[in-house]
1. Ordering A:Tyr313, B:Tyr465, B:Tyr317 by accessible area with a probe of 1.4 Å, largest first, what comes out?
2. Test of the criteria: in the stretch B:366-424, which trypsin sites (Lys or Arg not before Pro) are in a DSSP loop and have at most 15 other Cβ atoms within 10 angstrom of their Cβ?
3. How much mean residue ellipticity at 222 nm does the protein assembly as shown get from its helices, if each DSSP H run of length 4 or more adds -39500 (n - 2.57) and you divide by all residues, to the nearest 500 deg cm²/dmol?
4. Which FRET efficiency value, to the nearest 0.05, is calculated for B:Ala362 and A:Thr191 with the Förster distance at 51 angstrom and r the Cβ-Cβ distance?
5. Which lysines does B:Lys24 reach when only Cα atoms under 22 Å apart count, and residues fewer than 8 places away in its own chain are ignored?
6. Which value, in Å² rounded to 10, gives the accessible area of B:Ser258 with a 1.4 Å probe and all protein chains present?
7. With both partners inside chain B, how many of the DSSP beta bridges are antiparallel, as a percent to the nearest 5?
8. Looking at the stretch A:16-307, send over the antiparallel percent of its DSSP beta bridges, to the nearest 5.
Amino acid sequence: MAATRRKAKSAAAPTADDLKAFYHDMLLIRRFEEKAGQLYGMGLIGGFCHLYIGQEAVVVGLQALAKPGDSVITSYRDHGHMLATGMDPKGVMAELTGRRDGYSRGKGGSMHMFSKEKGFYGGHGIVGAQVPLGTGLGFAHKYRGDDGVCFVYLGDGAINQGQVYESFNMAALWKLPVVYVIENNKYGMGTSVERASATKDLSKRGESFAIAGLAINGMDVIAVKTDAEDAVDRARSGEGPAVLELKTYRYRGHSMSDPAKYRSKEEVSKMRSENDPIDHLRQKLIADGILDEAALKEIDKEIKATVTEAAEYAQNSPEPDPAELYTDVLLDA
Amino acid sequence: MPVQILMPALSPTMTEGKLARWLKAEGDAIAAGDVICEIETDKATMEFEAVDEGTLGKIVVPEGTENVAVNSLIGVLLEEGEEASAMDGMDTAGGPSQDVTATAPAKPAEPARAAVAPDSPLQAGGDAEAGLQEEKQYDSFTKLSVREALRDAMAEEMRANGDVFLLGEEVGQYQGAYKVSQGLLDEFGEKRVIDTPITEMGFTGLATGAAFSGLRPIVEFMTFNFAMQAIDHILNSAAKTLYMSGGQMGCPIVFRGSNGAASRVAAQHSQCYASWYAHCPGLKVVSPWSAADAKGLLKAAIRDPNPVVFLENEMLYGQTFDVPDDPDFVLPIGKAKIERAGSDVTIVAFSRMVAVALEAAATLAEQGIEAEVINLRTIRPLDTATIIRSVQKTNRCVSVEEGWPFAGIGSEIGMTIMEQAFDWLDAPVARVCGVDVPMPYAANLEKLALPTPEGVVEAAKGVCYK
């Protein structure tokens, strides 16, 4: 199969219900992350905390293509992916605060959370490590013949790690059902793609391995779902992996302690005011007569309540029992 | 109700900072995401964004104030429709906030005093019972090479469980770089005996991901020297994820291959990794000597629900030993074997060094010194009970390993004996190790760099003051 760059052939347009769900899911991530930033500021969340604000359309659009039994894996900027795979905001927030009701019982934190039940395999703190791990999840789907696909999310920073190409090679060689989603938010911490990558069109990074690539507007949830559909279908049907470059933007710093001096305020505010994925969808929902202001306000209210509840839960859950220090090192043989 | 704006923590280590500048004035409308003030931390000047929308009701801490403690009240935000009078009765005097909805996390509980878990085999007396159980006896044996024993172990486990598969370089069509996987491709096919490209980091990560999903990969490294390219996945991915996931994510995987010096392959191909992997919680580390060790322990490793690093030795692959015929033969991980009983000095060794120790013991016997030789079989969890019981009998100990002395397995054994059997010692524990240099190529220098029976005899006589 030659490397090609083609648009989805006959992707179904999202229905009104799809659009409502997209709006809900993106707004939940946005509000959840804002609350996480607030709790970090209050000292309730420690260590590193990487927020997903601005990139919501990527994971919400992609996960709309997932089926039960599929797997998802990503880096440390992972809160949005957890919410998009249906993990409970309370358990995620309680892990952020390091409490016993968190998904990892307080032992993983922001960067290390998992839910086998939801097919979410982390949350990995080493840049690029999730790429061969996710390729292995794809390998397992093929080994079992379970029709599953692994969605492997990586950033524009990770794309220059050698293990990414080792993974591309094996995935193409063995036709593994893996969709590599490069979330290009323009900066790997403080270094722009222009300063880090010899070639800037990241959608072409699979070409040496004959993996088809496609660049997608990651600020438009409808485009994400529609344009990615063909690649996901082909991976699922045994045609092998795909590389998708999702052009997106993070509004906040790399982590909470990043003063973001490597880009101008104008750049950030222009992106926020002109390209915000949630604002755009909100306008479309109104323009198409799917939801009116009152209905949208109702969704806002519901999400605010969900996030407030998660934050309270995360503050009221006790710290792990000291005995937990010693558990979960090894399983009993 | 008005929203309290608190001094934020803007880095993992920040406890206080300077309120450099207010960008909003009292009475200004604020939208979520607006920058309301700038805060200087010890590292940088950060912008502080509003989370809620409303009107800035009051500035409590004026700009230019230094040393503002994290979580103290710096301003008040009025929500939609609220008047300034809503702030009446609020304590807006500044200083540490007393009445915020969030409570700071409780002080951490007492710091742990023990460096290892109370029930860890590393802890004094731990695992004593398991360590002292007698090994099952067998009555029928077949002579097998270590190579054949490893192959048979894999074949038997692959027959028993369809989730077990082997991958690595040259394991399939080539029949194994050292012929360990001979015949497996013919029996199990390409789906389960997988030739990989030369891509250690990639295939180790891939196998680890497959193990997260519940499959049981056996990863063959042509030698453990090449696993250095993959050590991030062995530690950061395979060993730590169970803990980081609060017990959700098991990783049943075996990393196996030849370890240590072979013959004349020089520095980059002649290194013992026992102490590297044994350092890490979340891994089990096994290093067999005989063919029976190899078969029984590899079967146990494949069945184990945890990541197991299985350190073989190329020089042993062709050596033959008696292996029990019992189809259920399996050896427990974490249990050492006394290969030779003796009363005068304990010699502890693993892998190829067991043969060196046994040869030394034979020489010592001729000189009237009876050495007890312990074959560790497992490095982590270390069978300290067997070592301690032996030292309590002999009162002297020599550790033998191919690896370098600094922070080696011998260091751990010496420390363990000091902690648990200090009063029984009649001499300091001695170590015989590989010489503290990269492995040389020249035949004479290579020989000088590795432990020899003569060196072990000398060390044993030394601790016996003879």
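The values are calculated or read from the model by the stated rules, or taken from the named source; none is laboratory data. All values reported here derive from a predicted model rather than from experimental measurement. So basically every Cβ, Gly included, is an ideal-geometry build from the backbone, and we count neighbours across all protein chains shown. In case anyone asks, the SASA skips ligands and DNA or RNA and just uses the protein heavy atoms, side chains included. Shrake-Rupley method; radii C 1.70, N 1.55, O 1.52, S 1.80 Å.
1. From most accessible down to least: B:Tyr465, A:Tyr313, B:Tyr317.
2. Hits after loop and neighbour filter: nothing returned.
3. Rounded to the nearest 500, it is -10000 deg cm²/dmol.
4. On the way: r = 63 Å, r/R0 = 1.24.
Efficiency for this residue pair is about 0.20.
5. Output for B:Lys24: A:Lys35, A:Lys261, A:Lys265, A:Lys270, B:Lys58.
6. Its heavy atoms expose roughly 10 Å² to the probe.
7. 50
8. Restricted to the stretch A:16-307, the bridges split so that about 10 percent are antiparallel.
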